[in-house]
Amino acid sequence: MSEIRKMRAAVLLLGCLLLTGIFAGCGKKEETPANTVSVYYINKEETKITAVEKEPEGDTLSKQAEWGISQLKENPVELSLRSPISGFAINSWNVKDDQLVLDMSVEYKKLSPSSEVLVRAAIVRTMTQLEGISYVSVTVGGEALTDSLGNVVGPMTADLFIDNAGNEINAYEKTRLLLYFTNESGERLIGVQTKPVVYSSNISMEKLVVERLIAGPDAENEELYPVINPATKVLGVTVKDGTCYVNLDNGFLTQTYNVSAEVQIYSIVNSLVELSNINKVQIAVNGNTDLIFREKISLSNVFDRNLDLVYETEELQS
């Protein structure tokens, strides 16, 4: 691997560590026992972050934020883990609206690209669990944080950091996905090019697409509506001879949103067929294709792209 590729792989560890292990899941705030917060620490090998459940303290957001930061500064009792705030200091912090802004000391710039991403991941995934904090921004010495490629790192949400079911970090890639969600009526599809997503090479692009569809569109885009029950679990995604086989659990059969059966099916199909290696899609539920989805569509079918349902395609700016 060339030096540029090595640097890019390390840097692109940047936004996220993918979809079900190093961080748990993609999407909103994590499910933890009542009245607890998952405080994230870095393992000694610096390959992942691990959650430790703790009871938050403080009766105001400011006090809870102070508590959260103090927990991140302290080394946990587990000897295999360390504090993410190590080797640098937090000069100041404040919460405005739903955003926590942290200003780090200049020593922060000495972190290696891989360590720096883990630090941000631990901080963001911990602090955004507090009610009233949806975003975390980082500055260094009062200046905007940039990655090693010179890109400004803006406000971060928990679902920016996606992981790969607990496997150790290999290489990271950066991509934008064209996903199909629905409009307010639930009768048409809207294609949207996502903001850049950094993902581990340990997860297939096909699974990434399905997981992002289940997570739903970014809340900031009010014209887009989710299609798939967010409780749906991905049991498997494979590709053979240009056909993508998607296996979902029973959650897919539960109609959570007011969308047509066709929109649900072709949200998945159209999004996957946007990938260059996929021409057709078959969907199974618990491995079974001998089903009539919502009494309308046979899952024994192998589906082609359906552009008749597409209302428009738009691009979100990064």
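Being in a helix (DSSP H, G or I), assigned by TED's automatic domain parsing to the domain that holds VAL138 and not aliphatic (A, V, I, L, M), is that true of even one residue in segment 95-105? Scanning segment 95-105 turns up no residue that is in a helix (DSSP H, G or I), assigned by TED's automatic domain parsing to the domain that holds VAL138 and not aliphatic (A, V, I, L, M).
Listed conditions (1) modelled with pLDDT of 90 or more; (2) buried (at least 20 other Cβ atoms within 10 Å of the Cβ); (3) aliphatic (A, V, I, L, M) are all met by ILE169, apart from (1). In the set LEU272, LEU224, only one residue is closer than 29 Å to PRO155 by Cα, at pLDDT below 95 and buried (at least 19 other Cβ atoms within 10 Å of the Cβ); that residue is LEU224. Quick check on segment 23-46: of everything there that is surrounded by fewer than 20 Cβ atoms within 10 Å (Cβ to Cβ) and over 18 Å from the mean Cα position of the chain (by Cα), which residue is modelled with the lowest pLDDT? If we take residues in segment 23-46 being surrounded by fewer than 20 Cβ atoms within 10 Å (Cβ to Cβ) and over 18 Å from the mean Cα position of the chain (by Cα), then PRO33 is modelled with the lowest pLDDT.
The values are calculated or read from the model by the stated rules, or taken from the named source; none is laboratory data. Small disclaimer: the values here were computed from a predicted structure and weren't measured. No Cβ is skipped: glycine too gets one built from the backbone with ideal geometry, and neighbour counts run over all protein chains shown.
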